[in-house]
Amino acid sequence: MDYYAEVAEGLPKRLRNFIDGEFVESVQSFPKFSPIDGRELSHVAEADAAAVDAAVRAARRAQQGPWRQYTTAQRAETLHRIADSIQDRFDEFVAAEVADTGRPIAQAKALDIARGISNFRTFADLVSTAHGECFESVGADGTQLLNYVTRKPLGVVGVISPWNLPLLLLTWKVAPALAMGNSVVAKPSEESPTSATLLAEVIRDSGLPNGVFNLIHGHGPNAAGEWLTKHPEIDAITFTGESRTGSTIMKAVANGVKNVSFELGGKNAAIVFADADFDAAVEGVLRSSFINAGQVCMCTERVYVERSIFERFVSELKTRAEALRVGSPYESGITTGPMISSAHRDKVLSYFKLAVEEGANVVTGGNVPKFDNACDNGAFVQPTIWTGLPDSARCVNEEVFGPVCHISPFDAEDEVVARVNNSNYGLAACVWTTHLARGHRVAQRIETGIVWVNAWYARDLRTPFGGAKLSGFGREGGRHSMDFYSELTNICVRVA
Ligand code: NAD
């Protein structure tokens, strides 16, 4: 048996809510199934309205308790301790992420859990080195004034996260919220509850005062997620997930005029100019389209290639996509795991069908792979490439969130920029070119929150991250997270 499959056997099989420093039983629970082979992995608490209320009230009480007295240095120390404990239990976190999602083991190690740790370390360091703002001014009557800005926690922050990068995206919000002195009620996705439960164990053992971090499991609509967003004692909601869910949450918080930060869906483009380093561009697009089986919000689903290299590019990407090895992460050499669930696979397959109806040429893939083993009960689809669709096709405009991209030729820079920007989404884009000025020029004209030039998914956590249009609202990362998770007060003092 694979080592990580064995570690996964030892993970908790009953995942409970964590409220006010304790794991508590729930009245209802639901099964979590493996996307690798369909077997039941665990029973997960379904938080009812009373549990959500208890978690929010515990978080509110914690705002008045010892947590309030923590200095910045003490908060930073606690965050580093949490990071140390995740490091100590690294293999369990890897096993949890792999079992819940089926992602390749190497990816869970290098990306997911490593980033979970650095989220805590980065915000610990940022909060301890942050500097304030101070302005001297003279009033209309000649008085001299000193203005300085203080930061207070917002209070109780609700964190709602998706399944595609479970620990990474949860800690991306929990770490800065705690760094700024808030208390948190977190609701991870119902599809990926295990690493969040391990995080609650780590936080319980880190010495954080009771109630500062609470975890509620459960579903979204008419369930824990919705009740959290509607709770009157919540001060802010930070959410990562689908654009439609973001819109629902925005309505839910409107009456209370709550702060929100939204990281939502995308339909991200890559532009490959004929002057690009061909090999690097093909490899970059392969990675950006198919990593995590296409289930990363920043994955490329639209590829625009300059006409003179179009045929060669399609042929080379096809060869490399067909060399990807789809299957169980517990087998060696596997590069591509399953969709998160059979429901999500059905959604992806519905787009595979729609693409053909819309007139796509299926260059490769488009089906469910056959294994003749337990993976046939899993949620796998083949890496898929389409060409030949018009820009108006639904498959070129709607987020599929699977291992698929559409490749289209272009002739001119202005034309491709206009086509890339002709999207309801605005999360991320890549430009592949060796022409320095063109790289900068095109990047500056693209309407997305991040543009990579000759790179993809390189993230410096001090930089702003978020999306334009349907892809989000607000920015997180570095000081932008610190701004979101704190309330600023300007104090203006007459000094003479
Ligand atoms: P989702 O919106 O279905 O669910 C996300 C979370 O919201 C889950 O915890 C879910 O239980 C909860 N939820 C659902 N309905 C809710 C409601 N009415 N009220 C409160 N909570 C509710 O998204 P998903 O399928 O888990 O994740 C995939 C989506 O997330 C894709 O669209 C992807 O692009 C997006 N995403 C965006 C980013 C980003 O940084 N922009 C990162 C990762 C994923």
Shape category assigned to the range 1-106 from the gyration tensor of Cα positions, a/c cut at 1.5: oblate
Relative contact order of the range 366-496, pairs being alpha-carbon contacts under 8 Å that are 6 or more residues apart, as %: 16
Among 134, 98, 15 the positive-end extreme of the charge dipole of the chain (Cβ point charges): 134
Order of exposure, largest accessible area first, which applies to 128, 486, 118 with probe 1.4 Å: 128, 118, 486
Cα long-axis angle, helix 278-290 against the chain (0 to 90 degrees, to the nearest 10): 60
Candidate residues 187, 13: accessible-area rank, largest first, probe 1.4 Å: 13, 187
Antiparallel content of DSSP bridges confined to the chain, in %, to 5: 45
Percent of beta bridges antiparallel (DSSP, the range 268-460, rounded to nearest 5): 10
Options 124, 236, 421, ranked by Cα towards positive dipole end of the chain, top entry (Cβ charges): 236
Percent carbon-and-sulfur accessible area, the range 311-354, ignoring ligands, DNA and RNA, probe 1.4 Å: 51
About the Cα centre, charge dipole magnitude for the range 268-460 (Lys/Arg +1, Asp/Glu -1 at Cβ), debye: 240
At R0 = 41 Å, FRET efficiency that the Cβ-Cβ distance of residue 87 and residue 49 yields, to 0.05: 0.65
Net charge of Cβ neighbours under 14 Å - reference residue 35; Lys, Arg +1; Asp, Glu -1: -3
Mean separation of Cα contacts under 8 Å, 6 or more apart, over the residue count of the chain: relative contact order %: 19
Percent RCO, i.e. relative contact order, over the range 268-460, from Cα pairs under 8 Å lying at least 6 residues apart: 29
In Å², nearest 10: area of residue 29 left accessible to a 1.4 Å probe: 60
Apportionment of accessible area to carbon and sulfur, the range 1-147, percent (1.4 Å): 51
Cα-centre dipole for the chain with unit charges at Cβ (Lys and Arg positive, Asp and Glu negative), debye to 20: 920
Cα long-axis angle, helix 342-357 against the chain (0 to 90 degrees, to the nearest 10): 40
Per-residue SASA entry for residue 90, accessible area with 1.4 Å probe, Å² rounded to 10: 40
Surface accessible to a 1.4 Å probe, per residue, for the residues of the chain, Å²: 40
Which of 168, 155, 364, positive extreme of dipole for the chain (C-beta unit charges): 155
Extension reserve of the residue 468-residue 9 stretch, reckoned as 0.36 nm per residue once the Cα distance is removed: 161.1 nm
Shape of the chain, Cα gyration tensor, a/c cut at 1.5: oblate
Cβ charges +1 (Lys, Arg) and -1 (Asp, Glu), total dipole of the range 170-295, debye: 520
Potential extension, residue 496-residue 146 segment - 0.36 nm per residue separation minus Cα distance: 125.0 nm
Probe 1.4 Å, all protein chains present, accessible-area order of 75, 151, largest first: 151, 75
Entries of 267/318; 173/469; 267/347; 187/230 with Cα pairs more than 18 Å apart: 267/318; 173/469
Distance from the range 269-344 to the range 66-145 (C-alpha centre basis), Å: 32
Fraction of accessible area attributable to carbon and sulfur, the range 197-270 (%, probe 1.4 Å): 50
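The values are calculated or read from the model by the stated rules, or taken from the named source; none is laboratory data. Small disclaimer: the values here were computed from a predicted structure and weren't measured. Every residue, glycine among them, receives a Cβ derived from its backbone with ideal geometry; neighbour counts consider all protein chains shown. Heads up: the accessible areas ignore ligands, DNA and RNA and are worked out on the full protein's heavy atoms, side chains in. Shrake-Rupley method; radii C 1.70, N 1.55, O 1.52, S 1.80 Å.
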